[in-house]
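**Q** The following block contains the structure, expressed as structure tokens.
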Amino acid sequence: MTEKIAQPTLELPRAFEAWYLPQRPLCCDADYSLLRRRSRAEALKHTHIETNPSALVNMLVVDIDAAEGRAMALWEHQGMMPNLVMENPANGHAHAAWVLAAPVCRTDVARLKPLKLARSVTEGLRRSCDGDTGYAGLLMKNPLSGAWSSEITAPDAYALDQLRAALEEHGDMPPASWKRTKRARTQGLGRNCTLFDEARTDAYRYVRKLPDRTPESGEMLREHVRATCHQLNAALFADPLPAREVEDITRSIHKWITTRSRMWRDGAVACEATFIAMQSARRLKRTKKFNEKFERYAQEVLEK
């Protein structure tokens, strides 16, 4: 633990200025009830600032609530050293931040695969530091604030695949089954992925009920998806996503269905026929599997 507050070095402000993307971030000091969105210049005078802008993710942050937070952020992290460590001199607790060379988009034009990878990598980094499981990543310690002992511990930003490879080598990358856990669905970037998956599945079912593919039906779909997204956001998460992110997910689902999905392009009749064919194929597959299992069981009985 640092005994006294270390002021930021000359290199830190310059590097952080290049890494930090929000232009009007949320910020506050010790009292979180005073959390407000302010200009970048004003926000950087406060002790806590918003980690990423609403449209992009370029900083993955882990909260380490331990007296040796800095040491835990750096110990055995070859190939994945954090770019920034912000330590509280009073108790040793720290935030460790990894900067992405290519930010991950989380708007209506976002691809879901990079967002899911960023979510898994964040969980791996948390495990590598034994970080706080309840930290959602919205706010981080401001490395330019004199309240913290802050330092640059790695000068170069990372590619997501680079961090994933290092985490896999160290055995800290979560298994595929982790993506189905409650924490993966309800924390940080997991909320975006969960809301997208739940709402799009509901939207596919709704499309099958529409009688045609006219602009009027398209507008009905848009309103249904919007209502579903906002309802799921309120119901699924203790800390719901901001309304702007929910609207981005709404647009993404509606745009994909009406411009790229065959269930919309081929029309209502073809969509229903395809659905019936899929259901029939699934029934045949289940029947075949059951018959094979029954035959194995019968053979075992006869052999006894």
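Values quoted throughout were computed directly from the atomic coordinates according to the rules given, and no laboratory measurement underlies them. Predicted, not measured: the structure shown is a model, and the values here were computed from it. Reconstructed Cβ throughout: ideal geometry from the backbone, glycine too, with neighbour counts over all protein chains shown.
**Q** Taking the chain as a Gaussian network, where each spring joins two C-alpha atoms under 10 Å apart, which residue of Ser54, Ser217, Ser252 fluctuates the most?
**A** Ser217
**Q** Tell me the mean residue ellipticity at 222 nm calculated for the chain from its helices only (DSSP H runs of n ≥ 4, each -39500 (n - 2.57), averaged over every residue, nearest 500). Present the calculation step by step, with values, prior to reporting the outcome.
**A** Numbers: 11 runs with 154 residues, N = 304.
Helices in the chain give a 222 nm mean residue ellipticity of -16500 deg cm²/dmol.
**Q** Right, here's the next one. Specify the longest stretch of the chain that does not include any exposed loop site, a site being one of the GluC sites (Glu not before Pro) with a non-H, G, I, E, B DSSP assignment and at most 12 other Cβ atoms within 10 Å. Mind showing how you got there, number by number?
**A** Working: sites that count: Glu3, Glu76.
Value returned for the longest uninterrupted segment is 77-304.
**Q** Can you give me the relative contact order of segment 11-176 as a percent, contacts being Cα pairs under 8 Å and 6 or more apart? Walk me through the numbers before you get to the answer.
**A** Details: 314 pairs, mean separation 43.7, N = 166.
Worked out over segment 11-176, it gives 26 percent.
**Q** How high is the relative contact order of the chain, in percent, counting Cα pairs under 8 Å that sit 6 or more residues apart? Intermediate results must be reported in sequence, preceding the final value.
**A** Working: 461 pairs, mean separation 50.7, N = 304.
Averaging sequence separation for qualifying contacts and normalising by length gives 17 percent for the chain.
**Q** If you average the sequence gap of Cα pairs under 8 Å that are 6 or more apart and divide by the length of segment 182-265, what percent do you get for the contact order?
**A** 33 percent
**Q** Separate question: Tell me, Phe237, Phe16 in order of fewest to most beta-carbon neighbours within 10 Å? The partial results should precede the final answer.
**A** Working: Phe237 17, Phe16 20.
Ordered by Cβ neighbours within 10 Å, fewest first: Phe237, Phe16.
**Q** Excluding Glu42 itself, calculate the net charge of residues whose Cβ lies under 13 Å from the Cβ of Glu42, where each Lys or Arg counts +1 and each Asp or Glu counts -1. Walk me through the intermediate numbers first.
**A** Numbers: positive: Arg24, Arg36, Arg37, Arg38, Arg40, Lys45; negative: Asp29, Glu50.
Here the count lands on +4.
**Q** For segment 3-86, state which trypsin sites (Lys or Arg not before Pro) are in a DSSP loop and have at most 15 other beta carbons lying within 10 Å of their beta carbon. Each step should come with its number before you reach the end.
**A** Numbers: sites: Lys4, Arg14, Arg36, Arg37, Arg38, Arg40, Lys45, Arg70; in loops: Lys4, Arg38, Lys45.
Here the trypsin sites (Lys or Arg not before Pro) that fit, given the DSSP loop and packing criteria, are Lys4, Lys45.
**Q** On C-alpha positions alone, give me the angle between the axis of helix 215-236 and the longest principal axis of the chain, in degrees, nearest 10.
**A** 50 degrees
**Q** Follow-up question, since we're still on this one. Which number gives the lysine pairs in the chain that have C-alpha atoms under 16 Å apart and are eight or more places apart or on different chains?
**A** Numbers: Lys45/Lys141; Lys113/Lys179; Lys116/Lys179; Lys116/Lys182; Lys285/Lys293.
Lysine pairs meeting both conditions in the chain amount to 5.
**Q** If the viscosity is 0.890 mPa s and the temperature 25 °C, what translational diffusion coefficient in µm²/s does Stokes-Einstein give for segment 1-149 when Rh comes from Kirkwood over Cα pairs? Mind showing how you got there, number by number?
**A** Details: Rh = 15.7 Å.
Rounded, D is 156 µm²/s.
**Q** Here's a follow-up. Tell me, Tyr297, Tyr158, Tyr135, Tyr204 in order of fewest to most beta-carbon neighbours within 10 Å?
**A** Numbers: Tyr297 10, Tyr158 22, Tyr135 19, Tyr204 15.
Ordered by Cβ neighbours within 10 Å, fewest first: Tyr297, Tyr204, Tyr135, Tyr158.
**Q** In whole Å, what are the Cα extents of the chain along the three principal axes, biggest one first?
**A** So the extents along the principal axes, rounded to whole Å, are 74, 64, 32.
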